[in-house]
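Here's the structure we're looking at; comments come further down.
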Amino acid sequence: MYTNKVKKIAAVHDLSGMGRVSLTVVIPILSSMGFQVCPLPTAVLSNHTQYPNFSFLDLTDEMPKIIAEWKKLQVSFDAIYTGYLGSSLQMRIVSDFINEFRRPDSLVVADPVLGDNGRLYANFNQNMVKEMRKLITQADVITPNLTELFYLLNKPYKENNTDEELKEYLRLLSDRGPQIVIITSVPVFGDSHKTSVYAYNRQGNRYWKVTCPYLPAHYPGTGDTFTSVITGALMQGDSLPIALDRAVQFILQGIRATFGYEYDNREGILLEKVLHNLDMPIQSASYELI
Ligand code: PXL
């Protein structure tokens, strides 16, 4: 009998050559945290879509073929982690994939990649938003940013929200299925030097907040970095608030390692300079119960 020496994670994301996003971030992070990443690629791009131009090969037709071969191999995954999806049909394929491949003890993490800064990314439309609302019902953990949160809730984007409002949004999303909901990049009202992450775990019915210094720079792919660390940390057995602390701290280290250079932010944080930090215990604990 074969035993599984290293846990397997199916990673459903695109492969973008330039700008550190999706698989080019997910694979190094989860590999260095001790997991085998099995990519189910959704698209191949020259670079991410926050550059003005990009090539885009949609792999919607290829995905069912990959899934069929995996079925023949009888592979099973300890986790399924979905991110950037290229079409609404693809979202339905991924939904079937989760149904077929998840085991009772698998962790299903869906990062509902849709947009940022109050707007949808290029290539996204309302149909895809509707499909994403369905896909998240199958996940155990979801990690929308503030923009994605409002698209998922079908409410107008609003930058300033009280803790009570954010707690309500968290619970509304959890009611749709996910046991854990995490909202990233929440601005701190009245303090432009800070940013927060809010989270809810239905098991135990507790709400958490981690606030950290905000450096005034935008780097694509930090959402993928964040959710990758959360996924790895939860699979290593961390509690939700410790996973949040680790992910926030890692992003902050990555931004600090990058910010001092004169640099094209579109290339993302200098991940390679901080990747080894994932082996270290967390240095500063900053989570709060709210
Ligand atoms: O990090 C999100 C992301 C993933 N994949 C592609 C993207 C983006 C964000 O812009 O363009 C292709």
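The values are calculated or read from the model by the stated rules, or taken from the named source; none is laboratory data. Everything numeric in this text was worked out from a predicted model, so none of it was measured. Positions of Cβ are generated from backbone atoms using ideal geometry, with glycine treated the same way; all protein chains shown enter the neighbour counts. Please note that ligands, DNA and RNA were not included when accessible areas were found on the heavy atoms of the full protein model with its side chains. Shrake-Rupley method; radii C 1.70, N 1.55, O 1.52, S 1.80 Å.
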**Asked** Can you pull out the helices (runs of 4 or more DSSP H) entirely within the range 45-136 that have at least 2 residues that are of a type in the set (S, T, N, Q)?
**Response** 88-101, 126-135
**Request:** Specify which of the listed residues (Gln138, Gln249, Gln179) is under 20 Å from Glu288 (Cβ atoms), open to solvent by 10 Å² or more (accessible area, probe 1.4 Å) and away from the ligand (no atom under 16 Å from the Cβ).
**Result:** Gln249
**Item:** Residues located in the range 1-31, provided they are surrounded by fewer than 15 Cβ atoms within 10 Å (Cβ to Cβ) and at pLDDT 95 or above
**Value:** Val6, Gly17
**Asked** When only residues in the range 212-237 that are more than 22 Å from Cys38 (Cβ to Cβ) and open to solvent by 40 Å² or more (accessible area, probe 1.4 Å) count, which is farthest from the ligand (Cβ to nearest atom)?
**Response** Pro213
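Can you confirm whether Ala110 is closer than 24 Å to Met235 by Cα, under 18 Å from the mean Cα position of the chain (by Cα), modelled with pLDDT of 95 or more and away from the ligand (no atom under 16 Å from the Cβ)?
Against the criterion (closer than 24 Å to Met235 by Cα, under 18 Å from the mean Cα position of the chain (by Cα), modelled with pLDDT of 95 or more and away from the ligand (no atom under 16 Å from the Cβ)), Ala110 does not qualify.
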**Residue in the range 57-70 that is at pLDDT 95 or above, open to solvent by 30 Å² or more (accessible area, probe 1.4 Å) and among the hydroxyl-bearing types (Ser, Thr, Tyr) present** = no
**Request:** Starting from the range 160-188, take each residue that is at negative phi and list its partners that are open to solvent by less than 10 Å² (accessible area, probe 1.4 Å) and in a loop (DSSP other than H, G, I, E, B), counting only C-beta distances under 7 angstrom and pairs at least six apart or across chains.
**Result:** Pro178/Ala139; Ile182/Thr143; Ile183/Pro144; Thr184/Thr143
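Please state which one of Lys155, Lys167 is assigned to a loop (DSSP other than H, G, I, E, B), open to solvent by 30 Å² or more (accessible area, probe 1.4 Å), away from the ligand (no atom under 16 Å from the Cβ) and out of contact with any Ser or Thr (no Cβ under 8 Å at 6 or more places or on another chain).
Step by step, each of Lys155, Lys167 is checked, and only Lys155 is assigned to a loop (DSSP other than H, G, I, E, B), open to solvent by 30 Å² or more (accessible area, probe 1.4 Å), away from the ligand (no atom under 16 Å from the Cβ) and out of contact with any Ser or Thr (no Cβ under 8 Å at 6 or more places or on another chain).
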**Asked** If a residue has to be within 11 Å of the ligand (Cβ to nearest atom), in contact with a Ser or Thr (Cβ under 7 Å, 6 or more places away or on another chain), assigned to a strand (DSSP E or B) and closer than 13 Å to Val113 by Cβ to count, how many in the range 6-44 make the cut?
**Response** 1
